[in-house]
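Here is the structure we will look at, set down as structure tokens.
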Amino acid sequence: QKFRDAQKFRHKTLNRTASTESLINHNDDNQNNQNHQNHHHHQNDIQTINQQHLQNGGGGGIDANKTITSVISMSSTISHSHVRRMYHQKSLGYEGLDYDICENMLHLEEENNARRKRLGNNYLEFTRWLVIFFIGALTGLTACAILFSVEILTNYKYEKLMHLLNSSNPSSMIKPYLLWLLTNGIPVFLGSWLVTYMAPVAAGSGIPVIKCYLNGVKVPEVVRVKTYFAKMIGVICSVVGGLACGKEGPMIHCGATIAAGISQAKSTTFNLNFEIGLSRFREDHEKRDFVSAGAAAGVAAAFGSPLGGVLFALEEGASFWNQQLVLRIFFCSLVSSFTLNSVVSVFNGERMGSPGLLNFGKFQDIDYSFYEIPLYAAMGVFGGITGALFNLFNMKLTILRQRWLENRKMLRVFEAILVSLLTASIGFALMNVWSECTPETTEQTHFPVTYGCPKGQHNVMAALWFNTPEATLKNLFHNKDGAWNVRSLTIFVITYFFISCVTYGLSISSGLFIPGLMLGATWGRLIGIGLSNLLPNETWIHSGKFALIGASASLGGIVRMTISLTVILIETTGNLSFGLPIMITVFTAKWIGDLFNEGIYDIHIDLSNVPFLGWQPPSDSSRIFASEVMHSPVTSLQVREKVQNIVEILSTTHYNGFPVVDENTIHQAVRTFGRYRGLILRSQLLVMLKARIFQEYSLDQPWKNLNSLFRNSYPRYPNLQQIINELTNEELQMTMDLRPVMNPSAYTISHAASLNRIFRLFRALGLRHIVVLNDYNEVIGIVTRKDLAFYCTVRFAKH
Ligand code: ATP
Ligand code: MG
């Protein structure tokens, strides 16, 4: 039942976006209608041919019949194909990555050359490690830059503000208030402007987009250099601007962009292209492995948690694992954490001791007995429920934002400024209205606001608001019992819940870990205080310990990560023996939260219509067959094809992959069927056209150095229109031999295969296309990752 509810909810959101889409694109639709009708006629014809073909060529028996009926039912449900079209339109900007290595003749030649040179492969491996080292080091340095800038700027800001507050009398509070507004508003304006206008993809924590990238989806501009700068400077601005966000999440995105930049040794933003022997890494496969290492390095630097980084890459991203990759990722994480640690220790003149941006500090008195465990599980339940609520609110808000602010950049910047001003105002109002005082000795606040309190005491509410979130978090963990008042904490946790919920999703670069931890630390501390009031003689009750458990529960309930989150928390507390309680809390929070909705990152991925493939195929997917999922008819190319035909096909379709079939086996009228030989990508065709690799020209030219040709145009391939303009009439009559370039062993599947099987293939191998064949090895359909994602999200939501 719960599962169905979740599906229903998914469907609802999709419907909603679909309906707004149709509203916006109404005119567009009218225009396309004509085309579409023609297309439809055509398609019906082909459909019948297709069915006949299936009948003739199909395996016979029950299966073949079943697949045919499902093909028919697919074409007859108009709403389904309509939704499918919608889905494709919506996710148009997201293309698949080619994680599968194309083992064409050029590749083999390259391998052979490397072997002949003996050292070739070792050299490659060596450069790979070198690149990994630099990724780690640079990620660590980035973390240092963020850390120091934030520290210096916030110290300056709160120092000034505190003096002004403490020295002004209660009747003239307007001046400090204005200063607070200004010091919040200006940095946030800068950060938001940078993100919104320079790299919109840098908004938010960046974890969802990196997740998508590692899942095999190319999100535009996600690993560009300008994204890196927007992300890094943006996060400094938003933390200095006093927003309810942290600087940890963005580190992961920063690490990923660094990895992409270094491994490719070129940048489109700066129009740079270094020829330093790294061109072998210019393919999706290599780039993505580096990016997963970079993301892990980001986690390592953010939390001082190298193991957490590796597990993060495992849990959230890289579905494609091998031992070598794990080793490299681990190395990268260690280097990153080490770099940060050494720079910070040199700067502070201490011994190495701060491996990450976020440090929970040492928990001295932390231990537990087994009878406390149910209590922690109960806190996990509470964390799951509050997390689900947080995600629900944030989802509603995101839908509203998508509807009203999607393309209004000015408004997005204004929204961010507004929220920052609101944060300051709420903090200021609470400080004034509900001010409580505690003796100064009980606390280690950096900026004690004494205003409104008798001598020797300071304002508790101000201690919560008047600092970076990280510092407040640490105080919540470590201050002695009695440092915080119940009333102040209660009011704070409620307001902070809404503020942080509104903050996540603004057009700024901001992390979610800190607000999540902060909320939990506050209510955990409250539980600790409550318990010690109830049982005053028990010595095992330290409210700091409960704050830690609460923080784990709350964050677990929001992000729903399990292994990596547990390990990150263990590493940041530096206490291994307390791992079990943390694990139990995080897991319970996840289970309880999952009863209501998904984790916040998945919600955001869903809402942006990225064709994301989850871990598991939908539950009854073994009853659905390839012939239902596939797209047919397929536009195929022959092994030797006239240039004119290729140009025509490329300019009339938008397909990214074309099956290559034997000559003269193709059904000429519809250019489909034919005996399967391989698969060629649009990008490969474009490069071939651009370089004029035509049979007539290259008869006596061996296929030398063609690989570098393909590598140099990665990842922005030549423009088709330009190529067409340059081609002469004679050249249009020439032929292209696709065999050396196509992937001769691209994965195929029989039409009788189940969706379940296809899903597992895609997920395990990181495929982009799979060609569906009938029993005679003839091409009858094609399935892309998007078709699959559509089936897994939309189609199943209907039932
Ligand atoms: P991506 O663009 O990321 O590779 P996609 O799903 O958008 O994924 P496209 O190649 O853009 O794939 O094709 C769009 C639709 O057309 C998909 O539903 C796909 O199944 C179908 N399709 C892809 N290639 C062909 C082809 N050669 N002939 C017929 N249909 C195709
Ligand atoms: Mg596409």
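The values are calculated or read from the model by the stated rules, or taken from the named source; none is laboratory data. Fair warning: this is a prediction, and the values are worked out from it, not measured in the lab. Methodologically, a virtual Cβ is constructed for each residue, glycine included, from the backbone with ideal geometry; neighbour enumeration extends over all protein chains shown. Quick note on the areas: whole protein, heavy atoms, side chains included, nothing else; ligands and nucleic acids left out. Shrake-Rupley method; radii C 1.70, N 1.55, O 1.52, S 1.80 Å.
Quick notes on this structure:
- Residues of the stretch 156-171 satisfying the condition of being touching a residue at least 12 places away in the same chain (Cβ under 8 Å) and not aliphatic (A, V, I, L, M): 157, 158, 159, 160, 166, 168, 170
- Taking the stretch 560-579 as the range and being over 17 Å from residue 358 (Cα atoms) and in contact (Cβ under 8 Å) with a residue 60 or more places away in the chain as the test, the residues that pass are 560, 561, 562, 563, 577, 578.
- Hits in the stretch 220-246 (condition: part of a loop (DSSP other than H, G, I, E, B) and open to solvent by less than 10 Å² (accessible area, probe 1.4 Å)): 222, 241, 243, 244, 245
- Some residue of the stretch 634-651 being at pLDDT 90 or above, open to solvent by 50 Å² or more (accessible area, probe 1.4 Å) and within 16 Å of ligand 2 (Cβ to nearest atom): yes
- If only residues of the stretch 320-363 that are touching a Phe, Trp or Tyr at 6+ places or on another chain (Cβ under 8 Å) and assigned to a loop (DSSP other than H, G, I, E, B) are counted, the one that is most open to solvent (accessible area, probe 1.4 Å) is 355.
- Meets criteria (touching a His at 6+ places or on another chain (Cβ under 8 Å) and open to solvent by less than 10 Å² (accessible area, probe 1.4 Å)) for residue 626: yes
- Residue 417 in contact with a helix residue (DSSP H, G or I) (Cβ under 6 Å, 6 or more places away or on another chain) and either surrounded by 23 or more Cβ atoms within 10 Å (Cβ to Cβ) or part of a helix (DSSP H, G or I) (or both): yes
- Within the stretch 670-683, one or more residues are open to solvent by 20 Å² or more (accessible area, probe 1.4 Å), of a type outside the set (S, T, N, Q) and away from ligand 1 (no atom under 15 Å from the Cβ).
- Checking 636, 632, 627 one by one, the residue that is farther than 22 Å from residue 743 by Cα and small (Gly, Ala, Ser) is 627 and no other.
- For the stretch 259-287, the set of residues classified as touching a Gly at 6+ places or on another chain (Cβ under 8 Å) and open to solvent by 10 Å² or more (accessible area, probe 1.4 Å) consists of 267 only.
- In the stretch 391-442, of all residues being within 33 Å of the chain's Cα centre (by Cα) and aromatic (Phe, Trp, Tyr), the one that is modelled with the lowest pLDDT corresponds to 404.
- Some residue of the stretch 639-660 being within 13 Å of ligand 1 (Cβ to nearest atom), within 32 Å of the chain's Cα centre (by Cα) and β-branched (Val, Ile, Thr): yes
- Every pair of residues 6+ apart whose Cβ atoms lie under 6 Å, when the first sits in the stretch 632-655 and is at positive phi while the second is open to solvent by less than 10 Å² (accessible area, probe 1.4 Å): none
- Breaking point among (1) under 30 Å from residue 163 (Cα atoms); (2) surrounded by fewer than 17 Cβ atoms within 10 Å (Cβ to Cβ), for residue 367: (1)
- Of the candidates 505, 511, 557, the single residue that is of a type outside the set (Asp, Glu), modelled with pLDDT of 95 or more and either open to solvent by 10 Å² or more (accessible area, probe 1.4 Å) or assigned by TED's automatic domain parsing to the domain that holds residue 395 (or both) is 557.
- Among (1) within 16 Å of ligand 2 (Cβ to nearest atom); (2) of a type in the set (Ser, Thr, Tyr); (3) touching a residue at least 40 places away in the same chain (Cβ under 8 Å), the one test that residue 627 misses: (1)
- Failed condition for residue 83, given (1) of a type in the set (A, V, I, L, M, F, W, C); (2) modelled with pLDDT of 85 or more; (3) open to solvent by less than 80 Å² (accessible area, probe 1.4 Å): (2)
- Of all residues assigned to the stretch 590-610, none qualifies as being closer than 30 Å to residue 483 by Cα and either open to solvent by 10 Å² or more (accessible area, probe 1.4 Å) or part of a loop (DSSP other than H, G, I, E, B) (or both).
- Residue match in the stretch 462-481 (condition: assigned to a helix (DSSP H, G or I), open to solvent by less than 40 Å² (accessible area, probe 1.4 Å), free of Cβ contacts under 8 Å to residues at least 24 places away in the same chain and not assigned by TED's automatic domain parsing to the domain that holds residue 247): yes
- Among residues of the stretch 100-115 that are closer than 21 Å to residue 737 by Cβ, those with a Cβ under 8 angstrom from a residue that is open to solvent by 40 Å² or more (accessible area, probe 1.4 Å) and among the charged types (D, E, K, R), sequence gap 6+ or separate chain, pair up as 105/739.
- Residues of the stretch 86-97 that are open to solvent by 40 Å² or more (accessible area, probe 1.4 Å) and more than 9 Å from ligand 1 (Cβ to nearest atom): 89, 90, 93.
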